[in-house]
Amino acid sequence: MEEFMDIPPGSVSVLGLMNDKEHKIKLLIDQDVISQPYFGCHPCINTSSLKFKTSDLLDKILPAINYDYTLVNL
């Protein structure tokens with residue numbers, strides 16, 4: 001976590017991908033998550049949480065940090 005995302009262990013977050021400049025991390029998103037209007041995540045620290053529109057993640061956040069994802073069914 002610290003090496004690739006510059007966040008402490010236990011605080012993993014999709015928002016930490018902005019720190020992975022070399023895109024060494026592969027983002028997998030479960031179909032159940034994408035089918036929901038909202039999702040929650042840490043703001044790169046596990047002492048708080050944020051609620052985002054799933055569409056904002058897919059249409060704004062990930063494109064802004066130039067990150068692709070793979071859809072999976074877990």
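Worth a mention:
- Normalised by the number of residues in the stretch 2-72, the mean separation of alpha-carbon contacts (under 8 Å, six or more apart) gives a relative contact order of 35 percent.
- Shape category assigned to the stretch 2-72 from the gyration tensor of Cα positions, a/c cut at 1.5: oblate
- A dipole drawn for the chain from +1 and -1 charges on Cβ atoms has a positive end, and of CYS41, ASN73, ILE7 the residue lying farthest that way is CYS41.
- In sequence order, calculated HN-Hα J values of the stretch 4-11 (Karplus, 6.51, -1.76, 1.60; Hz; x Gly/Pro): 8, 10, 6, 9, x, x, x, 10
None of the figures in this text is laboratory data; all of them are computed from the coordinates on show. No experiment lies behind these values; they were computed from the predicted model shown. Because the Cβ atoms are built from the backbone with ideal geometry, glycine has one as well, and the counts that use them run over all protein chains shown.
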